[in-house]
Amino acid sequence: MADLCAVVGVGQTKHASCRADVSIAGLVREAVDRALADANIGIDDVDAIVIGKAPDPLEGVAMPELWLADALAAHGKPVFRVHTAGSVGGSTAIVAAQHVMAGIHGTVLTVGFEKQSDGNAMWALSVPIPFGMPVHAGAGGYFSPIVRGYIKRSGAPSHIGAMVAVKDRTNACKNPYAHLHEPDWTLEKALESPMMWDPIRFVETCPSSDGAMALVIMSEERADKHAGPKAWVHATAMRSEPTAFAGREQVSPRAGEMCAEDLWRKGGITNPAKEIDVAEIYVPFAWFEPMWLENLGFAPRNEGWRWVEDGVTDIGGSLPINPSGGVMSTNPIGASGMLRFGEAAMQVMGKAGEHQIDGARKAVGHAYGGGSQFFAMWLVSSSKP
Amino acid sequence: MARRDVAIVATAQRPNEVGSTLTSVELILPVINDVIAKVGIERQKIGFWCHGSCDYMSGQPFSFVAAVDAIGAWPPIVESHVEGDGALALYEAWVKIQTGECDVALVFSNGKTTSGPIDRILNLQADPYMVTPLWPGFDSLAALQARACLDAGVLSEADMAEVAARSYRDALNNPIAYAKENVTAEQLLARPYTTAPLRAHDCGVPVDGANAIILAAGDAARSLAERPAWIRGIDHRIDTQRLGARSMTESSSAAIAAAKAGVGDDRIDIAELHAPYTHQEILLRRAMNLGEGTHVNPSGGALVSNPAMAAGLARFAEAAESVFSGSADRVLAHCTSGPMLQQNLVCVMEGE
Amino acid sequence: MSEADGIMRLRQPISVTYNWSAGPNATSHLNGLLDGTLVGKRCPGCSLVYFPPRNGVCPKCARILGDDVVVGPRGTITTFCVVNVPFLGQKIKLPYVAAQILLDGADISMQHLIQECEAADVRIGMRVEPVWKDRSEWGPSLENIAHFRPTGEPDRDMGVEAGAS
């Protein structure tokens with residue numbers, strides 16, 4: 001019943017720990033202008049705008065989409081805001097696509113952003129709650145015990161996280177927009193990196209970034225008339241589950257498995273590892289690469305770490321993961337999911353530049369958020385389904 | 001126009017109160033269970049859930065995450081959240097149903113408006129570089145707009161008092177309304193200014209509330225409700241926020257949204273307008289060309305109970321209930337967001 | 001170049017004060033803490049015991065939790081991390097172990113500190129018990145427990161439960 005739609009333009013900012021040279025509006029507009037230029041359209045050609053970002057206290061502006069209407073020349077247009085925690089960049093792109101799939105709008109602009117240097121991210125991510133016990137230490141303190149659970153369950157050797165980190169940091173050097181450009185990492189050096197949240201080393205954590213990602217999504221009718229490469233959206237999927245309940249599986253949450261199963265079913269994929277050419281998945285701590293390889297149904301249970309060790313997920317491997325450098329190299333929270341979705345689109349459009357995977361025809365964008373409980377994914381392709 | 005017929009089939013609202021000691025989860029859980037019980041549907045048949053709320057209302061980043069605890073999200077569900085009023089969550093659910101991915105959706109919203117200084121919190125919606133540091137306050141921005149309207153002769157203080165008197169009197173018939181009073185415009189005009197030219201009765205009463213609505217498509221809607229409230233048109237638009245860059249005496253975004261939603265195609269029996277200030281109701285009526293034959297806010301509206309982030313969805317619930325009961329055939333529900341009616345969502349619903 | 005050309009950022013502290021509600025369903029749990037007793041609640045749907053009773057509801061069943069159940073005080077570590085990173089608002093000396101502890105009689109683990117042993121000796125399955133602060137410092141908070149420490153009992157095999165909440 002749903003219409004086809006395609007990504008026809010992708011634009012992102014240069015990501016950095018502090019983009020003091022631009023305001024929030026300037027940051028957003030930098031990505032938007034690049035996406036519009038990539039799509040070869042003007043901002044007046046946009047029918048509606050869908051904005052996503054993570055918690056407003058990160059910058060101290062409540063519902064900033066209202067104020068940003070000016071920067072987006074949105075007067076008289078629909079502006080829609082999504083907030084689904086860390087998965088928000090992915091769910092925002094999906095909500096934008098659905099406006100087109102439902103036949104409501106022909107051209108939708110979507111943008112995800114975060115300007116973490118404008119506030120105190122560590123505070124905003126772990127505000128102490130009355131009556132509780134303040135033992136948290138940011139996101140790392142939450143996720144590191146889960147990583148320990150994975151290591152114990154799978155028998156993975158302790159160097160796997162460092163291997164992923166080195167791969168992603170090396171990949172990021174091929175991506176001019178990436179926040180971290182650190183070409184000198186080796187496995188030996190990474191293993192000497194200090195333990196931050198044991199078993200997570202400093203090198204195995206993501207940076208805190210300012211940045212934005214924007215996409216232009218068009219209906220089939222408009223995209224067909226549009227010159228240039230497109231990323232056709234073959235499938236989208238979202239799933240959520242509660243943060244904590246008795247007996248909850250946190251290493252491989254059921255919501256993630258179901259979301260992936262839904263994506264493969266809708267996209268007609270029966271053997272993901274074989275049929276998918278490249279995937280951009282949300283890996284804020286290096287160990288989540290092998291964990292998500294299993295959760296997504298790429299690798300068998302407890303085997304994900306072997307794929308990392310065997311180089312399967314390297315740019316030259318059979319299933320490259322995060323050739324852009326991923327969240328491990330760039331993490332403006334509200335944009336991180338859309339960066340995954342947009343980088344997947346760039347791969348099948350052949351626009352990924354130095355980190356292009358040759359002949360990529362089908363790619364996956366993945367995002368997750370909260371306590372590994374909100375999942376958003378899409379499957380894009382260089383050709384129509 | 002929309003490719004699928006979608007209707008509201010059930011609503012639930014909790015009585016509005018001040019100083020609630022419930023957590024947001026405890027506010028939400030009963031209305032979710034209530035609305036599900038009303039249609040007798042199995043939870044697993046709900047294909048999409050969407051929540052509207054605002055982190056700054058509770059002072060807790062990711063505050064909406066706890067709401068997932070209230071909805072029985074196991075096995076995992078298809079779910080999303082908007083940072084804003086539940087009416088926008090309803091819009092997202094309507095879009096989702098239009099794609100054909102699901103037939104039944106549940107939307108809900110909550111606002112504990114009295115747990116923090118709402119006038120100051122909503123101030124954080126303004127331009128963070130040029131306006132917020134001045135801390136003008138949300139009421140003051142509305143007062144600027146009211147002053148401009150008065151000076152332009154668009155409305156009078158008596159007109160504003162008339163809106164309030166009608167709302168407070170209508171609220172006497174609404175068991176969940178918070179403020180209610182058998183009062184006349186003359187009596188209200190004798191009361192002091194709070195933020196001139198606004199008096200207390202010109203400003204919506206901040207309350208704590210929560211509500212939930214079930215949407216369904218086509219035959220599913222007919223099987224779940226005797227007289228569904230069919231959505232005939234729905235649209236939302238935004239204006240610039242910049243003070244001085246927009247007309248304060250009209251709402252162009254409301255006018256566009258109303259035209260797109262087809263408000264003018266036929267008579268509107270009841271219009272539930274989300275107008276947190278009396279002069280804004282008058283501006284909205286003018287923008288949407290609502291005439292004498294339309295009863296505006298028979299529930300008392302947001303003036304008598306304004307649970308921020310839930311007050312817009314409450315308008316949908318009230319409008320739909322008037323269709324369910326047969327007291328109206330063609331109704332309008334509206335939600336506004338941002339200072340001075342910056343963003344407006346308009347929906348037209350009909351009984352069959 | 002004027003002075004204004006050099007202004008790239010401005011500092012705008014935002015302060016908002018909120019009233020935080022624990023909610024009526026947390027009352028017996030919080031009163032228990034005032035009394036040195038660990039009180040959880042049982043879900044009338046799935047019969048599992050929640051400690052603490054998160055928002056007073058069972059997220060799986062979407063039901064208000066029912067009967068009070070006294071749990072612990074001893075428990076078992078299901079997973080943990082060693083925190084070496086300083087961050088704003090942290091009140092605890094580095095490095096420290098933050099562990100998920102499944103209290104005896106509870107069905108969901110809670111996070112707390114492990115002290116009185118080397119971080120390197122902490123392991124999944126280790127048995128621990130609470131060390132309470134001086135009663136004069138107590139309030140309606142899990143902070144009444146200063147930390148947990150090893151009991152010296154044999155480890156419990158957590159098996160497939162390792163890493164689960």
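Computed values, structure above
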{"item": "Efficiency of FRET between A:THR186 and C:VAL70 - r from beta-carbon atoms, R0 51 angstrom, step 0.05", "result": "0.40"}
{"item": "Between the stretch B:143-200 and the stretch B:243-306, the alpha-carbon center distance in angstrom", "result": "16 Å"}
{"item": "Translational D in µm²/s for chain B (Stokes-Einstein at 37 °C, 0.692 mPa s, Kirkwood Rh from C-alpha pairs)", "result": "164 µm²/s"}
{"item": "Surface share of carbon and sulfur [accessible, 1.4 angstrom probe, percent] for chain C", "result": "49 percent"}
{"item": "Residues of chain B: accessible area per residue with a 1.4 Å probe, Å²", "result": "31 Å²"}
{"item": "Filtered trypsin sites (Lys or Arg not before Pro), the stretch A:229-328: DSSP coil and at most 16 other beta carbons within 10 Å", "result": "A:ARG301"}
{"item": "Those GluC sites (Glu not before Pro) in the stretch B:177-233 that DSSP places in a loop and that have at most 11 other beta carbons within 10 Å", "result": "B:GLU226"}
{"item": "Dipole in debye (nearest 20) - the protein assembly as shown, about Cα centre, beta carbon charges: Lys, Arg +1; Asp, Glu -1", "result": "540 debye"}
{"item": "Shielded by partner chains, the stretch A:245-275 residues - at least 50 Å² of accessible area, 1.4 Å probe, vs chain alone", "result": "A:PHE245, A:ALA246"}
{"item": "Accessible area in square angstrom per residue, the stretch C:22-71, 1.4 angstrom probe", "result": "37 Å²"}
{"item": "Among B:SER327, B:SER305, B:SER53, residue whose mean-square fluctuation peaks in a GNM of chain B (springs only between Cα atoms under 10 Å)", "result": "B:SER327"}
{"item": "A versus C: buried accessible surface, summed, Å² (probe 1.4 Å, to nearest 100)", "result": "3400 Å²"}
{"item": "Estimated FRET transfer efficiency when R0 is 25 angstrom, pair B:MET130-A:ASP47 (beta carbons, to 0.05)", "result": "0.30"}
{"item": "Crossing angle, helix A:333-349 versus chain A [Cα axis fit, 0-90 degrees, rounded to tens]", "result": "70 degrees"}
{"item": "In the stretch A:295-351, chymotrypsin sites (Phe, Trp or Tyr not before Pro) in a DSSP loop with at most 13 other beta-carbon atoms within 10 Å", "result": "none"}
{"item": "Spin-label pair C:TRP132/C:ASP35, simplified geometry with 7 Å Cα→Cβ offset, distance in nm", "result": "1.2 nm"}
{"item": "Top positive-direction residue, dipole computed over chain A with Cβ charges, set A:GLY353, A:PRO207, A:TYR282", "result": "A:TYR282"}
{"item": "Cβ-placed point charges (K, R +1; D, E -1), dipole of the stretch B:1-90 about Cα centre in debye, nearest 20", "result": "380 debye"}
{"item": "Residue among C:VAL97, C:GLY125, C:ILE77 farthest towards the positive dipole end of the stretch C:72-165, charges placed on Cβ", "result": "C:VAL97"}
{"item": "Whole-percent carbon and sulfur share, accessible surface of chain A, 1.4 Å", "result": "52 percent"}
{"item": "Residue among B:GLN125, B:GLN187, B:GLN145 with the largest mean-square fluctuation in a Gaussian network model of chain B, springs linking Cα atoms under 10 Å", "result": "B:GLN187"}
{"item": "Mean-position separation - Cα centroids, the stretch A:149-227 and the stretch B:50-129, in angstrom", "result": "30 Å"}
{"item": "Gaussian network model of chain B, springs between alpha carbon atoms under 10 Å - residue of B:THR278, B:THR195, B:THR114 with greatest fluctuation", "result": "B:THR195"}
{"item": "Interface area, B with A, accessible, probe 1.4 Å, both sides summed, Å² nearest 100", "result": "4800 Å²"}
{"item": "Chain B, accessible surface, carbon-and-sulfur percent (1.4 angstrom probe)", "result": "49 percent"}
{"item": "Angle in degrees between helix B:157-170 and the longest Cα principal axis of chain B, rounded to the nearest 10", "result": "40 degrees"}
{"item": "Pairwise FRET efficiency - C:CYS117 versus B:ALA200, Cβ, R0 = 45 Å, nearest 0.05", "result": "0.15"}
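The values are calculated or read from the model by the stated rules, or taken from the named source; none is laboratory data. The structure displayed is predicted, hence computed values, not measured ones. Glycine gets a Cβ as well: all are built from the backbone with ideal geometry, and neighbour counts include every protein chain shown. Side chains are part of the model used for accessible areas, which takes the heavy atoms of the whole protein and leaves out ligands, DNA and RNA. Shrake-Rupley method; radii C 1.70, N 1.55, O 1.52, S 1.80 Å.
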